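Down below is the structure, laid out as structure tokens.
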Amino acid sequence: STSLGEPFKLSFVNDVLDVHISPSSSILAAWEKPGKDSENNWVNNVSLYNLKTYTKIGDYLATSQQNWKPQFTSDEKYLVNFTSKAQTQLNVYEVPSDFGDLNLNKKPCASLVSPTTISTYQISPGQNPSIAIFIPEKNSKPASVKIYQINKNLNFNSPISFKTFFKAERCILKWNILGTALLA
């Protein structure tokens, strides 16, 4: 609700099936039923709203309800999401300090690119954020969990830690509250 006690309404959003709120409750992400325009092109169906000004600050395309949610660092300085075309690339965007216009259709600050599909990912909590990714087993190549540090250089050339597994198709990634240990 607003400071005046009036409910906040997203009356201009249709067919919302899922929502997600950033760690400090500054941004609301809403996933709408995917659709196409008159020229048969997919239209952006994830909308981001500033919960302090109640304005839309960005949008992007996520045709699948699986892994659609953007993830934020604990300080909400960075937002990470999959590209709309495939789950082989995670894009990192810097969030404006005023939570203003967040153009997710522009070139990201950095990208984490995998040669094969990233099944799931999870950003760690804490002051030194990392991102863990899971790549399932495929064509006799073992599955793997890799951890990359999200630092000021945003360089994802090599993981700071990794582990391979055989016979692994799915994985749940859980960080401890400090973001110093990962359970996969």
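The figures follow:
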| read-out | value |
| --- | --- |
| Under 14 Å, Cβ to Cβ, from A168 - net charge with Lys/Arg +1 and Asp/Glu -1 | +4 |
| Radius 10 Å from Cβ of V95, net charge of other residues (Lys, Arg +1; Asp, Glu -1) | -3 |
| Cβ-defined net charge surrounding A132, 13 Å radius [Lys, Arg +1; Asp, Glu -1] | +3 |
| Amide H contacts under 5 Å for D59, placed H, 5+ residues apart | L48, L104 |
| Stokes-Einstein D (µm²/s) once Rh is taken as the Kirkwood radius of segment 33-119 over alpha-carbon pairs, at 10 °C in 1.306 mPa s | 115 µm²/s |
| Other-chain or far-sequence residues with amide H under 5 Å of S74's (modelled H) | G126 |
| Under the Karplus curve 6.51 cos²θ - 1.76 cosθ + 1.60, θ = phi - 60°, whole-Hz ³J(HN,Hα) for segment 65-77, x wherever Gly or Pro sits | 6, 7, 6, 7, 5, x, 10, 10, 5, 4, 7, 6, 7 |
| Accessible-area composition of segment 37-93, carbon plus sulfur, in percent [1.4 Å probe] | 43 percent |
| For mean projected area of the Cα convex hull in nm², calculated from these coordinates, the label among (1) 13.7; (2) 12.1; (3) 11.0 | (2) |
| Estimated FRET transfer efficiency when R0 is 41 angstrom, pair T53-F166 (beta carbons, to 0.05) | 0.25 |
| Cβ-Cβ FRET estimate between Q127 and S24, R0 fixed at 22 Å, reported to 0.05 | 0.95 |
| Extension gain from K77 to Q89, taking 0.36 nm per residue of separation minus the Cα-Cα distance | 2.4 nm |
| Per DSSP, loop chymotrypsin sites (Phe, Trp or Tyr not before Pro) in segment 74-166 with at most 10 further Cβ within 10 Å | F166 |
| Rounded to the nearest 10 Å², the accessible area of L104 at probe 1.4 Å | 10 Å² |
| Whole-Hz ³J(HN,Hα) from phi, Karplus 6.51 cos²θ - 1.76 cosθ + 1.60, for segment 160-174, glycine and proline x | 7, 7, 7, 9, 10, 9, 9, 6, 10, 10, 9, 7, 10, 9, 10 |
| Per residue solvent-accessible surface (Å²) - segment 21-81, probe of 1.4 Å | 46 Å² |
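The values are calculated or read from the model by the stated rules, or taken from the named source; none is laboratory data. Values in this document were obtained by computation on a predicted structure and should not be read as measured data. As a convention, Cβ positions derive from the backbone with ideal geometry for all residues, glycine included, and neighbour counts pool all protein chains shown. The area values use the complete protein model at the heavy-atom level, side chains included, leaving out ligands, DNA and RNA. Shrake-Rupley method; radii C 1.70, N 1.55, O 1.52, S 1.80 Å.
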